[in-house]
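> Can you read through this structure? Questions will come right after.
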Number of protein chains: 2
Amino acid sequence: MPETTDRPSAARAPRVGRRPRTSRAELEQVALRLFAERGFEETTVDDIAAAAGIGRRTFFRYYGSKNDVVWGDFERELEHMRAWFAGCPPEIPMMDALRRAVVAFNRLDPDQVPWHRLRMMMILQVPALQAHSTLRYADWRAVVAVFVAGRLGQPADALMPQAIAYACLGAAVASYEQWLRHDDADLGELLNRAMSALAHGFQGALDPPGPVSGQTPTG
Amino acid sequence: MPETTDRPSAARAPRVGRRPRTSRAELEQVALRLFAERGFEETTVDDIAAAAGIGRRTFFRYYGSKNDVVWGDFERELEHMRAWFAGCPPEIPMMDALRRAVVAFNRLDPDQVPWHRLRMMMILQVPALQAHSTLRYADWRAVVAVFVAGRLGQPADALMPQAIAYACLGAAVASYEQWLRHDDADLGELLNRAMSALAHGFQGALDPPGPVSGQTPTG
DNA sequence: CACGATAATGGCACTTGGTGCCGAAAGGAA
DNA sequence: TTCCTTTCGGCACCAAGTGCCATTATCGTG
């Protein structure tokens, strides 16, 4: 797939050659608006390309697939998380660090909440996106696994780093689903609850689902 | 999708009308053999249909998608697991019951290990199947979530049942990946280790990855 | 034995996502 | 202007999947 290497970057204008007609961000805007209006599956790539004033072929130069549009610049998010983990002081217990990271990297700018909600709604509910998400989650898990591996002194592909990464992802996704179901819920609190329960082997799960129980067990 | 409702069943022969030319099981055999020979992506639905001596259109009456073939009769497996949970005595602690279930329902007949390995290899490594798996896992999680919900006295779609179901799935998948990487590994042991660690909030994860540590913490 | 109800088959056309190819357009530099 | 570089986007093509519908096989009945 030579497609993935030569995507135009929205960065500093290249010195030479024809200038890009659009950008990933702009395409994302256009696409998301269409998705919101008629739904994800009801919007074809032709629709998006037409609305953006580019050719269908060009669309696929900016995004490898229709699915990818919904994820925006996920890679940048991951880069931040990676950096956070790298700078995480060793005094913080591992599971606590994981909880904090998950909560921190899902804090939302109030003004972008509606878009993020739409995004997550589609990712978690449209089958095609639901399926595709696995591939994106893999990158997320890798970041977590590397951190855990460092703490445990094991390779990142060993059982525990992988299991923990999967479990964290699960807790996060479950929280998101809850958040989408109850639009009055606080995402941060849900994430805190889920990650905290995870860190305790779900032993406190018998407690009623009241407000944050034992959210800072070790720190 | 009216397609999903009227698939021929391999059960007792229907009294009237033309008889099915093949069966899900037979198609599965044919397809898996082709997948093993040339790979999943290199095998088209036309190839499978031709090899099975049926029309391409007919293939889609037996399986809703090419992806589905790999999963065989997953629904039956789930039905068994549901039944097991339903008959699980309340004395067994929840997390212990989950561990046992995961281990029990992944015990393999030695003679079908190679096929199962191929299956899982594809599911966990071929991107298209990796993505598709999410949709099948959802059913698996639902079974777990219902059991957990019963134990916790919460709705199945509440945060904890969902988070626990996701976490269990994660532990299981991580174990499978490990099993595939090291063909000398014992799947049951890996599952035991991962589920046990999960039940302890991964506190013992600092132990070296030696032979099953604390595999039967509560029973 | 023909007849009619029933159910599976499979061809055909069509939609959609995605890719390889390649010439055309656009812009900076010499 | 000319050359070089980069993006654009049309075209042809492939594969998955679906709706439609005529065809075929099978059973029960008159």
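The values are calculated or read from the model by the stated rules, or taken from the named source; none is laboratory data. Everything numeric here is computed off the predicted structure, so don't read it as measured data. Virtual Cβ from ideal backbone geometry, glycine too; neighbours counted across all protein chains shown. The accessibility values were calculated without ligands, DNA or RNA, using every heavy atom of the protein model including side chains. Shrake-Rupley method; radii C 1.70, N 1.55, O 1.52, S 1.80 Å.
> Within segment B:61-81, how many residues are closer than 18 Å to B:Glu42 by Cα and assigned to a helix (DSSP H, G or I)?
4
> Mind checking whether some residue in segment A:108-129 is within 19 Å of B:Ser65 (Cα to Cα), out of contact with any Cys (no Cβ under 8 Å at 6 or more places or on another chain) and buried (at least 19 other Cβ atoms within 10 Å of the Cβ)?
Within segment A:108-129, one or more residues are within 19 Å of B:Ser65 (Cα to Cα), out of contact with any Cys (no Cβ under 8 Å at 6 or more places or on another chain) and buried (at least 19 other Cβ atoms within 10 Å of the Cβ).
> If only one of B:Arg38, B:Arg99 is away from DNA strand C (no atom under 16 Å from the Cβ) and not assigned by TED's automatic domain parsing to the domain that holds B:Met195, which one is it?
Values: B:Arg99 fails: not assigned by TED's automatic domain parsing to the domain that holds B:Met195.
Going through B:Arg38, B:Arg99 in turn, the sole match is B:Arg38.
> Further question: Could you check segment A:41-52 and list, in sequence order, the residues that are more than 9 Å from DNA strand C (Cβ to nearest atom) and crowded, with 17+ Cβ neighbours inside 10 Å?
A:Ala49, A:Ala52
> Quick check, is A:Arg61 open to solvent by 20 Å² or more (accessible area, probe 1.4 Å), farther than 22 Å from B:Val173 by Cβ, among the basic types (Lys, Arg) and in contact with a Pro (Cβ under 8 Å, 6 or more places away or on another chain)?
In short, yes.
Residues checked against (1) within 14 Å of chain A (Cβ to nearest Cβ); (2) more than 16 Å from DNA strand D (Cβ to nearest atom); (3) more than 12 Å from the chain's Cα centre (by Cα); (4) closer than 30 Å to B:Leu32 by Cβ:
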| residue | (1), (2), (3), (4) |
| --- | --- |
| B:Gly64 | yes, no, yes, yes |
| B:Asn67 | yes, no, yes, yes |
| B:Gly72 | no, no, no, yes |
| B:Leu78 | no, yes, no, yes |
| B:Met81 | no, yes, no, yes |
| B:Ala86 | no, yes, yes, no |
| B:Pro90 | yes, yes, yes, no |
| B:Met94 | yes, yes, yes, no |
| B:Trp115 | no, yes, yes, yes |
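> Give segment A:152-188 a look and list any residue that's at the interface with another protein chain (Cβ under 7 Å from one of its Cβ atoms), farther than 25 Å from A:Asp109 by Cβ, among the aliphatic types (A, V, I, L, M) and surrounded by 20 or more Cβ atoms within 10 Å (Cβ to Cβ), or say none.
A:Leu152, A:Leu159, A:Met160, A:Ala163, A:Ile164, A:Ala167, listed by residue number.
> Here's another thing I want to ask about it. Can you work out which of the residues in segment B:153-169 that are part of a helix (DSSP H, G or I) and over 15 Å from A:Arg181 (Cα atoms) is nearest to the chain's Cα centre (by Cα)?
B:Leu169
> If I filter segment A:53-61 for residues that are over 23 Å from A:Met120 (Cβ atoms), in contact (Cβ under 8 Å) with a residue 12 or more places away in the chain and among the small types (Gly, Ala, Ser), do I get at least one hit?
yes
> Okay, moving on. Kindly evaluate B:Gly55 against the criterion of being within 16 Å of DNA strand C (Cβ to nearest atom), surrounded by 13 or more Cβ atoms within 10 Å (Cβ to Cβ) and within 14 Å of chain A (Cβ to nearest Cβ).
No; evaluated as a whole, the condition is false for this residue.
> Something else: Quick check on my filter: what residues within segment B:117-146 are among the β-branched types (Val, Ile, Thr) and within 14 Å of another protein chain (Cβ to nearest Cβ)?
B:Ile123, B:Val126, B:Thr134, B:Val144
> Does B:Asp111 satisfy being in a helix (DSSP H, G or I) and either touching a helix residue (DSSP H, G or I) at 6+ places or on another chain (Cβ under 6 Å) or in contact (Cβ under 8 Å) with a residue 24 or more places away in the chain (or both)?
Taking the combined requirement at face value, the residue does not satisfy it.
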